[in-house]
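Structure record follows, encoded as structure tokens.
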Amino acid sequence: MTARTASGSHYPSDMTREQATPSRRGRGKASAGPAAQPSEDSAAGRNPRRELVEKQIMEQATRLFAERGFASTTLQDIADATGLTRPALYHYVANKDELLSRLVSESTETPAALLHEINERTELGPTEKLREMAVAIAMHQGENPDRFRLIIRSEAELPEDIARRYQQSRRHVLKEFITVIEDGIKAGEMRPVDPRTSALGIIGMLNWIAWWHQPGKEDDDRAVAAQLADMALRAVVHEESTPTGLEGPARAIALLRQDLNYLERLLESTPKSPSDDADG
């Protein structure tokens, strides 16, 4: 089966338009020297062209799934949007489920693995780990907002096996944040908050970046991520400096005094109700 190019010539249906069209740079020029040796990327098993095409396929699939819904999008739609024939598309992906599975993996499984790696770093304390984790999640969601929004909107329509992996990855993300907050409380760096509630609040704040931030320059994206990370730390880290030079019960008492001081300031700033004045 052949397809017709803009000039009227034909090319096999399993070739892309780029493969069928000669490069402008190479027209009319004789071959110079012996055939090129395989590049380091090829020798290492990487195929830059394939990676580029796969990236384009993922981007177009994300857009179409978001616009039309997963069920209403066909592989032919994705092939047309990417500039491939359908037979050529099968060189990169087997079916729609595989595409969706990749999207879920990149949106949830990759962050979970990254957070676990940060949590395993012994040279960082809990506060530093929480900052690194917050920046990592904010950067990931900020750089791939369309994919994250698509997964959230399609959550109820995910195939059973993909939905199971998605939920498992979400639990892993939550576990990593809970772990670092628990460690921070034990080390006296963080206030005695409820770790699960605090973790959920921080994750929600970081994920929300996908709904309002427009990806731009990496420096700008990182500045936004750093600001969100600072907000996450202020939610759980002691406002005052942690007592130093104290150990055991003395340290615990000093930390309790900090929390009592915080509670007193909070009570003093709370407006009294009319019933309180009446009772007094």
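By counting other Cβ atoms within 10 Å of each Cβ, how are E123, E51 ranked from fewest to most?
E123, E51
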Neighbour-count ranking [beta-carbon atoms within 10 angstrom, fewest first] of K96, K129 | K96, K129
Separation of alpha-carbon centers, the range 109-133 and the range 141-169, rounded to whole Å = 22 Å
Arranged by the count of other C-beta atoms within 10 angstrom, fewest first, what order do V193, V104 take?
-> V193, V104
Taking Cα pairs under 8 Å and at least six residues apart, what relative contact order does the range 49-94 come out at, in percent?
-> 32 percent
J(HN,Hα) series, the range 74-86, from Karplus relation 6.51 cos²θ - 1.76 cosθ + 1.60, nearest Hz, glycine and proline x | 9, 4, 5, 4, 5, 4, 4, 5, 8, x, 10, 7, 4
Arranged from highest to lowest average of other beta-carbon atoms within 10 Å per residue, in what order do the peptides 141-152, 81-92 appear?
-> 141-152, 81-92
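Suppose we take every Cα in the range 103-255 and form the convex hull; what volume per residue is that in Å³?
116 Å³
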Please tell me which of these pairs span more than 21 angstrom C-alpha to C-alpha: K175/K217; K55/K217; K55/K129?
-> K175/K217; K55/K129
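Every number in this text was worked out from the coordinates using simple rules, so none of it is lab data. For clarity, every value in this text was computed on a predicted model and none was experimentally measured. Here Cβ is always computed from backbone atoms with ideal geometry, including for glycine, and neighbour counts include all displayed protein chains.
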